[in-house]
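First the structure, in the form of structure tokens, and then the observations on it.
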Amino acid sequence: MAEMDFVLPDSFKKRTADALGECEAQALFEALAGQPVASVRANVIKGQVLKDGLEPVPWCEAGGYLAERPMFTMDPLFHAGCYYVQEASSMFLEQVFRQYVDSDSPLVLDLCAAPGGKSTHIASLLGGRGFLVSNEVVRSRVKILEENMAKWGCTNVAVTNGEPEDFSGLRGLFDVVVVDAPCSGEGMFRKDRQAIEEWSEDNVRLCAERQRRILADVYPVLKEGGLMVYSTCTYNEQENEENVKWIADSLGAEVLRVGLKPDWNVVDSGFGCHFYPHKAKGEGFFIAALRKSREELPVRVKPVKRKDCKEAAFVRDWLLSASDYDFQLQGDAVVAVPENFADFVDKLRTEVSVLAAGVYLAQIKGKDLVPLQQLAFSCALNRDVFKSVSVDWEQAIAFLRRENMFFPEEPKGWLLLMFEGTPLGFVKNLGNRANNNYPAEWRIRMSEDKGRYVKVLDSEF
């Protein structure tokens, strides 16, 4: 849409002017007519660092702004989960966690998680501690969430597909519940002009009502004294401050103030933090933190007697610190779940649809155990077990396009392909060719163009 065609709804402009004042509102409208900001966050779990010269996102240690938006599809390290493309404003979740999550082993639920921006961030902030349930309500969106979480490589994560009420059997168990609620999308007007066409007063009202239903359904799973994080990508008080007040008054919670630095230009309304594109460098965003004050009697998670997984003997050495995991058979896949949370994951499976939990190691095919792509991306992979082969950019893109490859000088069997020191995945070398084991549903579908490859990370090309 050309800038001259950028037209905001009159009712949106009026309610925004009433809330911010005419001068502030006009500054916001002018910012919305401009170009969106591109930003990325490095995967610190994989030891990744953004390249020198990027402007840092001030409230996120691993975040940085890009001068322009490159073609991420052409970067193998993007596919390998070495960084995530995320709105800078949303990275403020880090400040809430750093200031209010003090448990050594927190149990976290990210309720509306797809495509995975906040979940990958939470996984990094946990740093291998605790356990994250990354949930998506909408079935059509959960596959991209599963893919992104697998690429991020953390083993202390489960990906689920359930409604808020499906978690009722886990009452009082979670230390943190994050609700990035579906909203009217005002904060995305600059990035997604279609959001402007879909906006209406009625939709704001319907979104606010739906948000309260979601919050009421999921609130019981939060333990007494636990942290509720509520966020939207919209500006209006109806979906933001009024809902925070409702959580406090109706559900029983204390509103927490998040510490800010003046140069961040983040606005504290007293009930949460606002990000306005004419002030803070990023898109529109609102986030609030609350502590549950209502007493909650947690359900018991009983120890479960699990069947021995005889295949574990053949794959244990594929993992670093294998003794930290409980090995299970899920369908035809051998899976390793963090031992400390194995009983919880079993309980989780009885309440909601679990698409993935822990790290998927191998698929059973007849008498063979085929290493899975999730293992290649996992931070728990023991790279010494497999023969590693370094590939260049062209070979990496060919692998990610799921093409057959050729390694006549390498031994037959499973090879772990590496790009700039990072595992990409497995091929089975047959001598005359190598069968590509990259998942078909994840493959790159556009043609190769090395000219579109722009470095984001501090690595040598």
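Coordinate-derived values only; no laboratory data. None of these values were measured; they are calculated from a predicted model. Cβ placement follows ideal geometry from the backbone for every residue including glycine, while neighbour counts extend to all protein chains displayed.
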Q. Per residue, what volume in Å³ does the convex hull of the Cα atoms of the chain enclose?
A. 146
Q. Tell me, what is a quarter of the convex hull surface for the C-alpha atoms of the range 191-249, in nm² with one decimal?
A. 4.8
Q | chymotrypsin sites (Phe, Trp or Tyr not before Pro) lying in DSSP loop within the range 1-106, provided at most 16 other Cβ fall within 10 Å | A | Phe6
Q.
With just the Cα atoms defining each centre, how far is the range 347-373 from the range 212-256? Give it in Å.
A. 35
Q.
Rg/Rh for the range 19-172 to two decimals, with Rh computed the Kirkwood way over all alpha-carbon pairs.
A. 1.01
(Q) Please compute, over every Cα-Cα pair in the range 32-110, the percentage with a separation greater than 22 angstrom. (A) 31
Q) Where does each of Ile287, Ile444, Ile122 land when they are ranked from fewest to most other beta-carbon atoms within 10 angstrom? A) Ile444, Ile287, Ile122
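Length gain on complete extension for the stretch Glu22 to Glu224, per 0.36 nm per residue less the alpha carbon to alpha carbon distance? If you can, show how the numbers build up before the last one.
Values: separation 202, 0.36 × 202 = 72.72 nm, distance 4.23 nm.
The span from Glu22 to Glu224 would gain 68.5 nm if fully extended.
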Q) Which residues does a label at Ser293 reach in the range 79-105, if reach means a backbone N under 20 Å from a point 7 Å past the Cα toward the Cβ? A) 100-101
Q: Report the FRET efficiency, 1/(1 + (r/R0)^6), for Asp104 and Glu339, where r is their Cβ-Cβ distance and R0 is 22 Å, rounded to 0.05.
A: 0.85
Q: State, to one decimal in nm, how far the label point of Gln363 lies from the label point of Glu55, with both points 7 Å from Cα in the Cβ direction.
A: 4.5
Q: At 0.36 nm per residue, minus the direct Cα-Cα distance, what do Glu351 and Asp192 gain on full extension? Give it in nm, one decimal, please.
A: 53.7 nm
(Q) Of all beta bridges DSSP finds with both residues in the range 386-446, what is the antiparallel percent, to the nearest 5? (A) 75
Q: Taking all pairs of distinct Cα atoms, average 1/r, flip it, and tell me the Kirkwood hydrodynamic radius of the range 180-316 in Å to one decimal place.
A: 17.2
(Q) From zero outward in steps of 10 Å, how is the percent of C-alpha pairs of the range 284-328 spread across the bins? (A) 18, 24, 17, 22, 19, 0
**Q.** Cross-link reach list, lysines versus Lys455, counting only Cα pairs under 19 Å and skipping chain neighbours closer than eight places
**A.** Lys46, Lys51, Lys151
**Q.** Pairs of lysine residues in the range 275-397 - Cα separation under 22 Å, sequence separation of 8 or more or cross-chain
**A.** 9
**Q.** Rg to Rh quotient for the range 386-446, alpha carbon positions, Kirkwood Rh
**A.** 0.93
